[in-house]
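Shown next, in C-alpha cells, is the structure this report addresses.
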Amino acid sequence: MPNPVAYLMLLIWPFICLGLFRNLPLQRALIWSIMGGYLFLPPLAEFNLPLVPAFDKVSIPNLSVLLIIWLGTNERLQLWPSSRIAALLVVGLVLSAIPTVLTNSDPILFQSLHGMEPILFPVDVLPGQSIRDLGSVLIGQILTLVPFLLARQFLADEKGLRELLFAFMLGGLVYSLPALFEIRFSPQLNTWIYGFFQHSFEQMMRDGGFRPIVFLPHALWLALFMCIALLSAAALARQAPILDRWKMLLWVGYLAVVLYLCKSLASQAYALLLLPMVLLTPARWQIRLALVFATVAVIYPVLRNAGLVPLDAILAQAEAISADRAQSLGYRFDNEEQLLARAAEKPWFGWGGWGRNLIRDATSGNILSVPDGRWIIVFGTFGWFGYLCEMGLLALPIALIGVHLWRQGDAELSPWVAPMTLILGITMMDMLLNATLTPLTWLSAGAILGHGERLATARRTGYLHPKGAEMSTRRRTVF
C-alpha cells in the first residue's frame, strides 16, 4: 500500500506545476509539468472518487496543466485540430467509450457449479457497465489526450520541438542517477520513498544483476525512456555547433552505457538500429522508416488475426539470442492468442473496463492471462473502433510529415521533426510488446501533428510562420 508520502506528492503536484509556469517559459513548463509527474510521482497510487476517473500520476499533471494554461495565462486555447482526420480521430477516441459502455451492461458471473440454472452458485462477479460509468470513462479519455492537444498548439514550432528533445535528454540524464543506484544496489527507491514495490521484484533480476525501475511501472518503461533520451541526445548533437558537438557526443556515449546496463534487449535493439540513422542519415530516410513503424503498428492486429505474423520464426531468432528472452516472448504470444480469442467475442466495441477483457477461471474468477502489449489491451477493451482511433491518432502525425515529404521534400521541415518521428514510430512498435503508451508519447505525437498542420497550412496559403517566432517566446501572466 502507498504510504502518506505517496498521496502527499499527488496532492502537491498541481502546486509544483503552478510554480513551473510562474518561473519558466510556457513550453518548458508544459513539458516538465507532465514529464516530471510521469518520472517522479508514485505509480499505482491514486485517488478514487465517485463518478470520475482515478486521479494518478498521469491524470493529475494533465488536468493541472490544462487548468493553469486556461485560467492562469493569457494564451487562448485552440485545442481543436485543424486536420479533419485528426479531429475525427479525437472525437472517435473520446466517444468510443459510449458504445463500449452501452454494449457491456451484463455482469460476468463466476460460479462454483455450472449447468444448474436457474439455481446459481455465485463465487464472484464482474459488474456490468452502466450509464453512470459513462461520464467517468469519457473524462478519462479526454484527460488522456490533454498532452497531445496542448503539444499540438504549443510545441509545434522549431523551438518547441527542440525543447521537447532537450527535455527528453535532460530527463534521461537526471533519471540515470537513481537508475544507476538501483542497478548497483537493487530496485528499492519506490519502496523506501513511497512505501511499496510496484511490480514483481523477480522481473527486475536479469543476468546476475538488477534492472532499474525507480518510479515507473516496469523496468521496460525505464529502458525505453533511456532509449528515447539517447536518440534525443544524438539529434541534438548532430545539430550542435562543431566546436560543441564533442560535448554532446559524450552525453550520447554516457546514455548508451546506461541503456546497456538497463538490460532490456528490445530497447537496446532500437538504439542499435536508430542511433546511426539519427546521427548520419538524411531526414527523409528517418521519416520513411518512421512511416514503416507506424504502418506495422496500426495493421498488426489484422496480421495476427490473419496468421501472417511469423511467430515461429521470431521465436527461433529470439532463441538464438537468449533462451530466457525466447521463453518470455513465447509467453507473450500465448497470452495474445487467448486474449485475441476473447476479444473476437466482442470485436467492434470490446469488453469495457474492470478487467472484463481478461481470461479468467470460470469458477473462481482468478485471472489466467496477462496482457503485455498496449494493442491487445485497447483491442480487448474498446474493440476495433477504439483501437483504430488510438493507433490512428498516433500514426497520423507521422503520415502528415510523410505527405509533406512526398509533395514538397524536406526543405521546410524543422531539423528536429525527423528524429521526433523516429521516436514516436519506435514507441508505437514497442506498444506491440508492452503497454508503453505514456504522456511523453502523446506529447511527441501532438508536437509532430502541430508541425504537420502548419506545413499543410503553408502549402495552401504560401506562408509559414517564422521558425521560433511563436507564442512560446512571449511573456505570460500566471494568476
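Percent relative contact order of the chain, based on C-alpha pairs within less than 8 angstrom and at least six residues apart? Could the numbers behind the result be given before it?
Working: 737 pairs, mean separation 106.4, N = 479.
Reported relative contact order: 22 percent.
Report the semi-axes of the equivalent ellipsoid for segment 131-226 in whole Å, largest first, where each axis is √(5λ) for an eigenvalue λ of the Cα gyration tensor.
Values: eigenvalues 188, 101, 20 Å².
Whole-Å semi-axes of the equivalent ellipsoid: 31, 23, 10.
Got a number for carbon plus sulfur as a percent of segment 15-73's accessible area, 1.4 Å probe?
Of all accessible area on segment 15-73, carbon and sulfur atoms account for 70 percent.
Using the alpha-carbon centroid of each, what span in Å lies between segment 211-287 and segment 79-96?
So the separation of the two Cα centres works out to 32 Å.
With each pseudo-label sitting 7 Å past Cα toward Cβ, what's the Ala306-Arg206 distance in nm, one decimal?
The answer from the label model is 3.3 nm.
Report the calculated FRET efficiency for Ile131 and Ala344 (r = Cβ-Cβ distance, R0 = 22 Å), to the nearest 0.05.
Taking R0 as 22 Å, the efficiency between Ile131 and Ala344 is 0.25.
Whenever you get a sec, compute what percent of the accessible area on segment 294-333 sits on carbon and sulfur atoms (1.4 Å probe).
62 percent
Report the label-to-label distance for Thr295 and Leu67 in nanometres (one decimal), using points 7 Å from each Cα along the Cα→Cβ vector.
Here the modelled spin labels are 4.5 nm apart.
Could you tell me which label, among [x] 22, 59, 18, 1, 0; [y] 19, 36, 26, 15, 4, 0; [z] 18, 29, 22, 17, 9, 5, 1, 0, carries the value of P(r) over Cα pairs in 20 Å bins from 0, in percent calculated for this structure?
Computing P(r) over Cα pairs in 20 Å bins from 0, in percent and matching it to [x] 22, 59, 18, 1, 0; [y] 19, 36, 26, 15, 4, 0; [z] 18, 29, 22, 17, 9, 5, 1, 0 gives [x].
To the nearest 20 Debye, how big is the dipole of the chain about its Cα centre, given +1 on the beta carbon of each Lys and Arg and -1 on that of each Asp and Glu?
Working: 34 positive and 29 negative charges, 365 e Å.
It comes to approximately 1760 debye.
Return the whole-Å distance between the Cα centroid of segment 8-65 and the Cα centroid of segment 153-201.
The distance from the Cα centre of segment 8-65 to that of segment 153-201 comes to 15 Å.
Among Leu275, Ala240, Leu289, which residue has its Cα furthest toward the positive end of the charge dipole of the chain, with +1 on Lys/Arg Cβ and -1 on Asp/Glu Cβ?
Ala240
Can you compute the FRET efficiency between Arg245 and Glu337 using 1/(1 + (r/R0)^6), with r the Cβ-Cβ distance and R0 = 51 Å? Round to the nearest 0.05.
FRET efficiency, Arg245 to Glu337: 0.60.
Just want the answer: with Cβ charges of +1 for Lys and Arg and -1 for Asp and Glu, which residue in Ala316, Thr441, Thr421 is farthest toward the dipole's positive end in the chain?
Thr421
For the pair Ser186/Trp354, report the inter-label distance in nm, with labels modelled 7 Å from Cα in the Cβ direction.
3.9 nm
What is the dipole size for segment 204-279, taken about its Cα centre, with +1 at each Lys and Arg Cβ and -1 at each Asp and Glu Cβ, in debye to the nearest 20?
The dipole of segment 204-279 has a size of about 20 debye.
For the charge dipole of the chain, defined by +1 on Lys and Arg C-beta atoms and -1 on Asp and Glu C-beta atoms about the Cα centroid, which residue among Asn357, Leu177, Leu102 has the Cα displaced farthest towards the positive pole?
The one lying farthest along the dipole's positive direction is Leu177.
Tell me the per residue accessible area of segment 317-393 using a 1.4 Å probe; a whole number in Å² is fine.
That works out to 45 Å² per residue.
Show that you can apply the helix-only estimate: for the chain, add -39,500 (n - 2.57) for every DSSP H stretch of four or more residues, divide by all residues, and state [θ] at 222 nm to the nearest 500.
Values: 17 runs with 309 residues, N = 479.
After summing the helix terms and dividing by the residues of the chain, the value is -22000 deg cm²/dmol.
Quick one: if you take sqrt(5λ) for each eigenvalue of the C-alpha gyration tensor of segment 348-420, what semi-axes come out, biggest first, whole angstrom?
40, 12, 7
Could you tell me which helices of the chain pass both thresholds, a Cα extent of 24 Å or more along their own axis and a mean Kyte-Doolittle hydropathy of at least -0.5, with helices taken as whole DSSP H runs?
4-23, 131-154, 158-185, 219-239, 242-261, 283-305, 374-408, 439-461
On the accessible surface of segment 345-454, probed at 1.4 Å, how many percent belong to carbon and sulfur atoms?
Using a 1.4 Å probe with all protein chains present, segment 345-454 comes out at 63 percent carbon and sulfur.
Order the following by accessible area, largest value first: His199, His451. Probe radius 1.4 Å; ligands, DNA and RNA are ignored.
His199, His451
The values are calculated or read from the model by the stated rules, or taken from the named source; none is laboratory data. Keep in mind that this is a model prediction, so the values were computed, not measured. Neighbour counts run over all protein chains shown; Cβ positions are idealised from the backbone, glycine included. For the accessible areas, the whole protein counts, side chains as well, though only heavy atoms, and no ligand, DNA or RNA atoms are used. Shrake-Rupley method; radii C 1.70, N 1.55, O 1.52, S 1.80 Å.
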